[in-house]
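Engineer: Take a look at this one; I'll ask things after.
The values are calculated or read from the model by the stated rules, or taken from the named source; none is laboratory data. All of these numbers come straight from a predicted model, not from anything done at the bench. As a convention, Cβ positions derive from the backbone with ideal geometry for all residues, glycine included, and neighbour counts pool all protein chains shown.
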Amino acid sequence: MSASNEDFADLVSRVEAEFGLVAGSVTRLGGEVDLNLKMECTDGSIFLIKATEIQGDSDTTWQGRILDHVAQCDSRIPIPKILRTHSGLSEISVQASATRYQVRVMTWLDGEVIGRAEGVDFELLGELGALAGSMYECLQSADRTGVPKTHHWDVRNLREAVASCVDFVPDAINVGAVETILKKCEPVEPLLANLPTGLVHQDLNDFNVLVAEDAEGRLRVSGIIDFGDTLDSIRVAEVVVAGAYSMLRQEDPVGALAAVVAGFHSVIPLTDLERSVIFPLASARLCLNACTWTKRTIIEPGAYGESRMKYTWPAVQLVAPLDPAQALVRIELACQSAGLTSEMPVNGQKR
C-alpha cells in the first residue's frame, strides 16, 4: 500500500481489517471538515473513506441512516452507498495520531465536480433541480434522530453568519457588494417563519454535485455527496443552495438559477411566497460562501479554501446590482414552462 500521508496508515489499516478491503493506493482529498481519503483497492474497486473528528458527544451515525434511507427510497438518485464491516457496523471508531475519528466507507462515484466541469448548461441545471426535488421527497420519511438543529450554513441565519466573517474581507468593493445583497434580503427575512418546512440536504454546492457524460456525450448528474449539512429547515433552502451555486461561472446567473428552480418546482411545487425569496437568499448564500472561505483562508491558508471561493466573488459582483423583482419574473416564467413532474428527467430517466 502506498499512502499520500503516512499519518493515516493506521486508519487505513483498520479500514482494511474491518471492511475486508486491500488498499493499493490512498490519496487525500479536500474537505471542509471531514478527512476524505480515496482508496483504490488491489482488485480495482474504489472507495471513499470519510473520517469525522470526534469532539465531545458528537455523533455522525445519522448521516449513514440518511444515506441508506435515500438509497432505499429512490435508487435513481445517485448517492454513495454505505459499506458494512464484517460485524454489520456502518461506522468504526479509529485513533489516528492524536485524533480520534468516526469512520465510514462508501462506494466511489465517478464524475467531475460541477464546479470544475465545462459545458454546464441550463438543461443540466434543470436536471439537478429535479433531482433535488426527488431527494427532498425521500428525505421527508427519514429518521431525523441526531440531525443537527442548525449550523453555520443554515439558510435561515444567513445575515448572522455573514456578519461573523465579513470583517475579514479586505476588498472594499466586495464588502460593498455584500452589503447591497443583504439590504435586498431585508424584505424577505420576515417571511421565512411562514414558509413550509422539511428535512433538506441543504448543501448542493458546486463541490457536492458530480457530473459525467452520458452515452450521447451530454453532461448528466452522476453523484450527490456529503449529507453533513442536512437540517430540518425551510423547504426552499434546498433550491436556494443548489440555485446559488448554479450561478457561478454563468454569464446569465439568473437564467441558471431559474433553471434549477423550475426543475425542483416540477417535482415539488413551490408556493408563491417560496419563489419570492429564492433570488435574495441565493445571492446571500453566495456572500456567505465568499466571506466564510475568505476568513478561513486568512486564518489557515490552503488550496482547498482558495478553490471554494475562486468563482464566488465574481458571481457576487455580478448579482449584487440585479433587481430581485426582475429575477422573480424570470423564475416564474421558467416554472410556468417547466411542464408536469412526469415529464422531468431524473438522472437521465423520466419519472
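Engineer: What is the one condition in (1) within 15 Å of Ala282 (Cα to Cα); (2) exposed (fewer than 13 other Cβ atoms within 10 Å of the Cβ); (3) in contact with a Gly (Cβ under 8 Å, 6 or more places away or on another chain) that Asp214 does not satisfy?
Structural biologist: (1)
Engineer: Kindly provide the set of residues from segment 148-179 that are outside any helix (DSSP H, G or I) and surrounded by fewer than 18 Cβ atoms within 10 Å (Cβ to Cβ), ordered by number.
Structural biologist: Pro148, Lys149, Thr150, His151, His152, Ser164, Pro170, Asp171
Engineer: So Ala161 ticks every box in (1) touching a Cys at 6+ places or on another chain (Cβ under 9 Å); (2) within 21 Å of Leu131 (Cβ to Cβ); (3) among the small types (Gly, Ala, Ser) but one. Which box is left unticked?
Structural biologist: (2)
Engineer: If you don't mind, there's one more thing I want to ask. So, in segment 327-338, of the ones that are assigned to a helix (DSSP H, G or I) and in contact (Cβ under 8 Å) with a residue 24 or more places away in the chain, which residue ends up surrounded by the fewest Cβ atoms within 10 Å (Cβ to Cβ)?
Structural biologist: Once the filter is applied, the top-ranked residue is Leu333.
Engineer: Right, something else. Does segment 131-143 include one or more residues that are part of a helix (DSSP H, G or I), of a type in the set (Ser, Thr, Tyr), closer than 22 Å to Val240 by Cα and under 16 Å from the mean Cα position of the chain (by Cα)? Walk me through how you get there before you give the answer.
Structural biologist: Taking segment 131-143 as the starting set, the residues that turn out to be part of a helix (DSSP H, G or I) are 131-139.
Then keep just the ones that are of a type in the set (Ser, Thr, Tyr); that gives 134, 136.
Add one more test, that the residue is closer than 22 Å to Val240 by Cα, and what stays is 134, 136.
Still in the running and under 16 Å from the mean Cα position of the chain (by Cα): 134, 136.
There is at least one residue in segment 131-143 that is part of a helix (DSSP H, G or I), of a type in the set (Ser, Thr, Tyr), closer than 22 Å to Val240 by Cα and under 16 Å from the mean Cα position of the chain (by Cα).
Engineer: Give Val221, Val188, Val209, Val236 a once-over and let me know the one that is in contact with a Lys or Arg (Cβ under 9 Å, 6 or more places away or on another chain), assigned by TED's automatic domain parsing to the domain that holds Ile299 and at pLDDT 95 or above.
Structural biologist: Val236
Engineer: Give just the number: which of (1) touching a residue at least 60 places away in the same chain (Cβ under 8 Å); (2) surrounded by fewer than 24 Cβ atoms within 10 Å (Cβ to Cβ) does Ala262 not satisfy?
Structural biologist: In the conditions (1) touching a residue at least 60 places away in the same chain (Cβ under 8 Å); (2) surrounded by fewer than 24 Cβ atoms within 10 Å (Cβ to Cβ), Ala262 misses (2) alone.
Engineer: Follow-up. Checking Glu251 against (1) free of Cβ contacts under 8 Å to residues at least 60 places away in the same chain; (2) over 12 Å from Glu332 (Cα atoms); (3) assigned to a helix (DSSP H, G or I): exactly one of these is not met. Which one?
Structural biologist: The failed condition is (3).
Engineer: OK, next. Could you list, in sequence order, all residues of segment 17-46 that are among the charged types (D, E, K, R), under 25 Å from Gly305 (Cα atoms) and part of a loop (DSSP other than H, G, I, E, B)?
Structural biologist: Result: Glu32, Asp34.
Engineer: Which residues, counting only those in segment 244-286, are within 21 Å of Glu186 (Cα to Cα) and either of a type in the set (Phe, Trp, Tyr) or outside the structural domain of Phe207 (by TED's automatic domain parsing) (or both)?
Structural biologist: Phe279
Engineer: Still on this structure: Evaluate the following for Val94: is it assigned by TED's automatic domain parsing to the domain that holds Ala259, of a type in the set (Val, Ile, Thr) and touching a residue at least 40 places away in the same chain (Cβ under 8 Å)?
Structural biologist: In short, no.
Residues are listed down the side, and each one gets a yes or a no for (1) surrounded by fewer than 24 Cβ atoms within 10 Å (Cβ to Cβ); (2) out of contact with any helix residue (DSSP H, G or I) (no Cβ under 7 Å at 6 or more places or on another chain); (3) not β-branched (Val, Ile, Thr):
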site	(1), (2), (3)
Ala242	no, no, yes
Ser246	no, no, yes
Leu257	no, no, yes
Val267	yes, no, no
Ser276	yes, no, yes
Ala282	no, no, yes
Thr297	yes, no, no
Glu300	yes, yes, yes
Glu306	yes, no, yes
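Engineer: Further question: Do we have His86 as outside the structural domain of Leu204 (by TED's automatic domain parsing), surrounded by 14 or more Cβ atoms within 10 Å (Cβ to Cβ) and either in contact (Cβ under 8 Å) with a residue 60 or more places away in the chain or part of a strand (DSSP E or B) (or both) here?
Structural biologist: no
Engineer: Since Ile49 meets every condition but one in (1) touching a Ser or Thr at 6+ places or on another chain (Cβ under 8 Å); (2) β-branched (Val, Ile, Thr); (3) closer than 29 Å to Gly305 by Cα, which condition does it not meet?
Structural biologist: (1)
Engineer: Please verify whether Leu109 is closer than 30 Å to Ala258 by Cβ, of a type in the set (A, V, I, L, M, F, W, C), within 19 Å of the chain's Cα centre (by Cα) and surrounded by fewer than 18 Cβ atoms within 10 Å (Cβ to Cβ), treating the condition exactly as stated. It would help to see each step written out before you state the result.
Structural biologist: On the way: closer than 30 Å to Ala258 by Cβ: yes; of a type in the set (A, V, I, L, M, F, W, C): yes; within 19 Å of the chain's Cα centre (by Cα): yes; surrounded by fewer than 18 Cβ atoms within 10 Å (Cβ to Cβ): yes.
Spelling it out, Leu109 is indeed closer than 30 Å to Ala258 by Cβ, of a type in the set (A, V, I, L, M, F, W, C), within 19 Å of the chain's Cα centre (by Cα) and surrounded by fewer than 18 Cβ atoms within 10 Å (Cβ to Cβ).
Engineer: Mind telling me which of the residues Glu213, Glu160 ends up being without any contact (Cβ under 8 Å) to a residue 24 or more places away in the chain, of a type in the set (D, E, K, R) and under 30 Å from Ile77 (Cα atoms)? Even if it seems obvious, please write down each step before you answer.
Structural biologist: Numbers: Glu160 fails: under 30 Å from Ile77 (Cα atoms).
Going through Glu213, Glu160 in turn, just one is without any contact (Cβ under 8 Å) to a residue 24 or more places away in the chain, of a type in the set (D, E, K, R) and under 30 Å from Ile77 (Cα atoms): Glu213.
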